[in-house]
Amino acid sequence: MEESNDAPLFSCRNCRNPVALRHDLLSKSFIGKSGQAYMFAHAMNVVLGQTEDRKLMTGLFSIGNIYCSKCGQELGWKYIRAYDAKQSYKEGRFIIEKARILKEYESWLITSFGASCYKCRNHVSLHDDIVSKAFQGRHGRAFLFSHAMNIVVGPKEDRQLLTGLHTVADIYCGDCREVLGWKYEKAYAATQKYKEGKFIIEKSKIVKENW
């Protein structure tokens with residue numbers, strides 16, 4: 001790989017939102033809509049669009065476009081399914097176009113990483129997104145985050161919690177599917193509305209990174 005260890009991440013060119021880590025870079029030998037593109041094992045701070053079948057240079061795939069979660073810029077796509085068995089290694093991987101990202105050297109970005117899944121070390125949160133450390137999960141202490149990444153959100157359900165009735169959805173690690181906590185979808189009490197759209201991640205389910 002050509003990048004030095006001084007550039008450990010990539011950000012959206014439009015808004016400087018961190019979207020990928022250098023050590024998740026798998027290949028530079030891909031072509032996107034605007035030219036050279038990189039394949040990453042993981043991406044962060046992205047929104048996955050609608051899944052569709054698309055004919056690419058190496059065959060038919062089910063993919064979803066990915067967008068920067070901050071400014072909405074289209075960055076590339078995620079491979080959901082490969083119809084050719086020889087291409088199945090791409091499933092779950094991300095293509096990000098070189099023209100859409102910047103190499104980052106800024107210390108304020110580099111030191112912002114927060115936590116990984118304790119089982120597989122998949123990056124699931126940023127330290128800067130911690131809202132509170134004063135929450136309780138199923139297994140003890142838990143953190144409230146404004147955002148989470150590389151996760152899967154389960155079905156919604158109404159659940160009676162310590163602070164009242166909420167509509168929540170369990171969240172799972174995007175790689176190993178370990179239950180990490182839940183997402184607040186709706187709070188029925190006005191005093192709890194600040195939790196809506198935020199994430200509870202249990203302390204016992206994560207490993208701190210660079211705290």
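Bear in mind that the values in this text are calculations on the coordinates, not laboratory data. Bear in mind the structure is a predicted one, so any value in this text is a computation, not a measurement. Note: ideal-geometry Cβ built from the backbone for every residue, glycine included; neighbour counts use all protein chains shown.
Does region 1-95 come out rounded, prolate or oblate, given a ≥ b ≥ c as the square roots of the eigenvalues of its C-alpha gyration tensor, rounded meaning a/c under 1.5 and, failing that, prolate meaning a/b above b/c? Here region 1-95 falls in the oblate category.
What GluC sites (Glu not before Pro) in region 35-136 are in a loop by DSSP, with at most 15 other Cβ atoms within 10 Å of the Cβ? When the GluC sites (Glu not before Pro) of region 35-136 are filtered for loop state and at most 15 Cβ neighbours within 10 Å, 91, 106 remain. Entry note, region 108-211: relative contact order of 30 percent, from Cα contacts under 8 Å with a spacing of 6+ residues. Before anything else, pin down the relative contact order of the chain: Cα pairs under 8 Å, at least 6 apart, normalised by residue count, whole percent. Value for the chain: 16 percent. In this simple spin-label model, placing a label point 7 Å from the Cα along the Cα-to-Cβ direction at both residue 189 and residue 133 gives a separation of 2.5 nm. Backbone amide hydrogens, once placed in the peptide plane, bring residue 174 within less than 5 Å of 151, 152, excluding anything fewer than 5 places away on its chain. Loop-located trypsin sites (Lys or Arg not before Pro) in region 14-71 (DSSP state not H, G, I, E or B) with no more than 13 neighbouring Cβ atoms inside 10 Å: 33. Within region 111-176, the trypsin sites (Lys or Arg not before Pro) that combine a DSSP coil assignment with at most 16 other C-beta atoms in a 10 angstrom radius are 119, 121, 138.
Bridgeable lysines around residue 186 (alpha carbons under 27 Å apart, same-chain partners fewer than 8 residues away excluded): 70, 133, 156, 195, 198, 203, 205. Taking 0.36 nm per residue of separation and subtracting the current Cα-Cα distance, fully stretching the chain between residue 161 and residue 25 would add 44.9 nm.
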